[in-house]
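Working notes for the structure below.
Bear in mind that the values in this text are calculations on the coordinates, not laboratory data. Just so we're clear, the structure is a prediction, and the values are computed from it rather than from any experiment. FYI the Cβ positions are ideal-geometry reconstructions off the backbone, even for glycines, and counts take in every protein chain you see.
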Ligand code: AMP
Ligand code: ZN
């Protein structure tokens, strides 16, 4: 099926066609590994996962999906520094080498991140590559030199800045985001990785080393600028190195449109002469009471916080996939409970398809169902409408009356659907194990011994006692079986 996606470059639907004729190359801005990711972050990764699965299953494409790990930026440096109270025992001892500390610190959170996304059924096997910024320093330095040599960057006090005013003579700065240049003063500089659009200014491609920070040696036209890369250039370089330019789709949360993605476009075009990607696709926020979930606001939950509250990660996955990625998702515990109910409703229907004892007489139009559901997914990942088709179908279908041949086709459909949602068991309903209390087990054993000793009166007394507690004993060839009354 043909896939259409909302493209942030023009606000319109773009038809997804592999630029190289065969493979969709897709880059997602990954986590900054300075702490546990919260479930707002997870929304953006679940969205990217949904997209790559729809491209494979509905679009029939081969996909090369790359997601980076930001392991060097303002926050990872700040929190891995000697004496930081964010340092944890599990990371080992701090050393005198800031780079060694940074790598220990970030590898810890990287591993935790992989554990979390695995629980959310983001499958590591689906990635083409998960690059880390610190592995691309030479290529980053090379790219900065290219920009510098074109007169689009300048040196100042050991750092290198992108010259926005010069760039604007060549191309638009503000392809994703309307920037008001009224307050923009050429030559104003911004050093931090994250800033507001009102602070649009020349941004750092490379930052001069500060005491106690990790750094790499670097020199540009005889000027020493030992230091480390800015956050935006890292993505420009990794995507080019791994996927080649231009590639097909770039994803991230809407907060990354400016400055991160706007700067990415400017740098990539300045260095390589090419707009990096055909389609920019951004997910909306996960909010709590009207505010973006974020570390800085302190209104966040990590996956492990929610697991401790007894929430199944599959319900979080399903809840987030049930909403359209382009709308704000309002996080509530009731919302997660409702998602669980909906997920299990579909699960029960799937279980009933494996009940093959009864052959009904009704045929069902599974082709129509599949067409309806997949068309919605192909249309900008419209999961709410896709699921609405499924619920209408389930609500109007009595599984007992379906013909076996139709059940088989329906199973095949749900198997395919689960390649996208990945939250159901495609199997017979597992038997629920009834836990027999210890005191009953003990009584049953006593009775068994008494029977062996032919003390039948006493044995019968115990059988009654067990019965009065709600359990029945059935003698078998080799011993006995205990069941709850009525099961
Ligand atoms: P970070 O680890 O801060 O670099 O963010 C990783 C991803 O999470 C980025 O794509 C962000 O845009 C996204 N993100 C951060 N907060 C939220 C949120 N509350 N809702 C949805 N996406 C978010
Ligand atoms: Zn990025």
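Below, the figures for the structure above:
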read-out: Calculated FRET efficiency for the pair residue 165/residue 2, C-beta based, R₀ 35 Å, to 0.05; value: 0.25
read-out: Length-normalised contact order for the stretch 1-155 - Cα pairs under 8 Å, 6+ apart - percent; value: 24
read-out: Taking the convex hull of Cα positions in the stretch 4-283, its mean projected area over all directions (nm²); value: 14.8
read-out: Gain upon complete extension [residue 344, residue 359; 0.36 nm per residue less C-alpha separation]; value: 3.0 nm
read-out: Distance in nm between pseudo-label sites at residue 411 and residue 97 (7 Å out along the Cβ direction from Cα); value: 5.7
read-out: Exposure proxy order (Cβ contacts within 10 Å, fewest to most) of 421, 413; value: 413, 421
read-out: Spin-label model distance (nm) - residue 425 vs residue 149, 7 Å beyond Cα toward Cβ; value: 6.1
read-out: Spacing of the two label points (7 Å from each Cα toward its C-beta) at residue 197 and residue 328, in nm; value: 1.7
read-out: Packing-based order for 336-342, 210-216, 368-374, using average beta carbon neighbours within 10 Å, highest first; value: 368-374, 336-342, 210-216
read-out: For 436, 179, 160, order by how many other beta-carbon atoms lie within 10 Å, fewest first; value: 436, 179, 160
read-out: Within the chain, percent of DSSP bridges classed antiparallel, to nearest 5; value: 50
read-out: Sorted peptide list for 138-151, 20-33, criterion being average Cβ within 10 angstrom, highest first; value: 20-33, 138-151
read-out: Mean residue ellipticity (222 nm) of the chain, computed from DSSP H runs ≥ 4 via -39,500 (n - 2.57), nearest 500; value: -13000 deg cm²/dmol
read-out: The stretch 41-117-the stretch 390-463 distance, computed between alpha-carbon centres (Å); value: 41
read-out: Volume of the Cα convex hull of the chain, divided per residue and given in Å³; value: 199
read-out: Estimated D of the stretch 438-484 in µm² per second, where Rh is the Kirkwood radius over Cα pairs and Stokes-Einstein applies at 25 °C, 0.890 mPa s; value: 235
